[in-house]
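To start, I am sharing the structure in question, which I have written as structure tokens.
The values are calculated or read from the model by the stated rules, or taken from the named source; none is laboratory data. From a predicted model like this one, the values you see are computed outputs, not experimental measurements. For neighbour counting, all protein chains shown are included, and Cβ atoms are generated from backbone atoms with ideal geometry for every residue, glycine included.
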Amino acid sequence: MDPFSSSSPSTGSGSGPSSEALMGQLKAQLAQAYAEEFLETVRSKCFGKCVSKPGTSLSSSESSCVSRCVERYIEATETSKFHKKCAYLQP
């Protein structure tokens, strides 16, 4: 049998995690980091802008303000990502 015509390549599975597993872990860590950054930004910008006197609950105007602020932040983030992708794809 020819050692170069093996039907399945050696992956070194005994030496550590596969590259797919590492990529999965990296993607999960990045998603968590982005979520944490999003929450911190929303908390610092929207809460600071909309809530004048912190209490046990938000008033209806504070709640509306926070909702609009979060929606605007999400839209701005999506627009920014879109522009970055377009710039990346241009020659």
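Any residue that is free of Cβ contacts under 8 Å to residues at least 40 places away in the same chain, surrounded by 10 or more Cβ atoms within 10 Å (Cβ to Cβ), in a loop (DSSP other than H, G, I, E, B) and more than 14 Å from the chain's Cα centre (by Cα) - is there at least one of those in the stretch 55-78?
Looking through the stretch 55-78, at least one residue is free of Cβ contacts under 8 Å to residues at least 40 places away in the same chain, surrounded by 10 or more Cβ atoms within 10 Å (Cβ to Cβ), in a loop (DSSP other than H, G, I, E, B) and more than 14 Å from the chain's Cα centre (by Cα).
Let me ask you something else. For the stretch 9-31, indicate whether the set of residues that are modelled with pLDDT of 90 or more, touching a helix residue (DSSP H, G or I) at 6+ places or on another chain (Cβ under 6 Å) and assigned to a helix (DSSP H, G or I) is non-empty.
No, the stretch 9-31 has no match at all.
Oh, and also: Restricting attention to the stretch 65-73, does a residue exist that is among the hydrophobic types (A, V, I, L, M, F, W, C), touching a Phe, Trp or Tyr at 6+ places or on another chain (Cβ under 8 Å) and modelled with pLDDT of 85 or more?
yes
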